[in-house]
Amino acid sequence: MSNADIVTPQAAHDFTKLEKILAKYPRNEASLIMVLQDVQDEYRFLPCDVLIEVSKVLDVPKAKVFAVGTFYKAFSLEPQGRVNIKVCMGTACHVRGAQMVMESLARELEMDGPGTTKDLEFTLETVNCVGACGMAPVVVVDDKYHAEVKPERVEKLLKTKEAK
Ligand code: FES
């Protein structure tokens with residue numbers, strides 16, 4: 001596949017934020033990761049059209065920009081919600097009801113399962129052991145760990161975030 005074959009299925013994005021980001025760095029390949037970090041922070045993901053513009057301005061091949069964008073876990077090519085919710089599905093959490101917690105969260109957010117709500121408020125995902133098995137089942141909301149989460153506590157947990 002050549003660079004010209006890369007399609008951009010997402011809607012066009014506002015490049016004003018991108019221009020401000022690009023103005024902070026030298027226009028060369030050495031700036032790529034810093035620019036992508038700022039794009040991820042500003043847009044909450046790496047939109048295709050923005051990546052293509054980054055490729056042009058920094059004069060880095062599109063394939064390289066997309067390769068870097070998919071390599072690091074801190075980057076996402078999919079839109080991310082304002083609030084990130086990780087449900088631990090490791091063994092300890094699983095045996096203590098993580099699946100029911102996951103289903104309850106998905107129901108509250110009117111989703112079928114992991115993903116991002118249409119209003120970009122919440123991203124729901126499953127993760128393997130987050131290293132707090134004694135607190136199972138664990139839900140991590142942004143960076144805060146919630147211990148022994150019960151399905152009936154899920155609604156309250158989401159309300160706390162909405163109120164912010
Ligand atoms: S299995 Fe969930 S924290 Fe270890």
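For Tyr43, Tyr72, Tyr25, write out the residues from largest to smallest accessible area, computed with a 1.4 angstrom probe and no ligands counted.
Result of the area sort, largest leading: Tyr72, Tyr25, Tyr43.
Only Cα pairs under 8 Å and at least 6 apart count here; give the relative contact order of region 35-164 as a rounded whole percent.
Details: 191 pairs, mean separation 30.8, N = 130.
After rounding, I find 24 percent.
Under a Cβ-only charge scheme (Lys and Arg +1, Asp and Glu -1), can you give me the dipole magnitude of region 118-157 about the Cα centre, in debye to the nearest 20?
My answer is approximately 140 debye.
Can you compute the modelled spin-label distance between Glu29 and Lys118, with each label point 7 Å from Cα toward Cβ, in nm?
4.3
Provide the gained length on full extension for the span Leu77 to Asp142, in nm with one decimal, where the gain is 0.36 nm per separating residue minus the Cα-Cα distance.
Details: separation 65, 0.36 × 65 = 23.40 nm, distance 1.86 nm.
Value of the extension gain: 21.5 nm.
Scan around Val83 for amide H atoms under 5 Å from its own, H built in the peptide plane at 1.01 Å from N, and keep only partners 5 or more places away or cross-chain.
Those lying under 5 Å, H to H, from Val83 are Phe122, Thr123.
Report the rotationally averaged projected area of region 10-107 based on its alpha-carbon convex hull, in square nanometres. Don't skip to the end; give the middle numbers.
Numbers: hull surface 31.3 nm².
Projected area, direction-averaged: 7.8 nm².
Hey, how much of the P(r) for the chain falls beyond 21 Å, as a percent of Cα pairs?
Working: 7148 of 13366 pairs.
Value for the chain: 53 percent of Cα pairs lie more than 21 Å apart.
Looking at this model, which pairs from Lys24/Lys156; Lys118/Lys150; Lys17/Lys73 are more than 32 angstrom apart at the alpha-carbon?
Lys24/Lys156
What are the aspartates and glutamates whose alpha-carbon lies under 16 Å from the alpha-carbon of Lys62, with same-chain residues fewer than 8 places away excluded?
Cα-Cα hits under 16 Å: Asp5, Glu29, Asp49, Glu53.
Using only alpha carbon pairs under 8 Å that are at least six residues apart, calculate the relative contact order of region 89-131 and give it in whole percent. Numbers along the way, then the final one.
Numbers: 33 pairs, mean separation 18.0, N = 43.
Averaging sequence separation for qualifying contacts and normalising by length gives 42 percent for region 89-131.
The values are calculated or read from the model by the stated rules, or taken from the named source; none is laboratory data. Please read all numbers here as calculations on a predicted model, not as lab measurements. Cβ sites come from the backbone with ideal geometry, for glycine too, and all protein chains shown count toward neighbours. Accessible surface areas use protein heavy atoms only, side chains included; no ligands, DNA or RNA. Shrake-Rupley method; radii C 1.70, N 1.55, O 1.52, S 1.80 Å.
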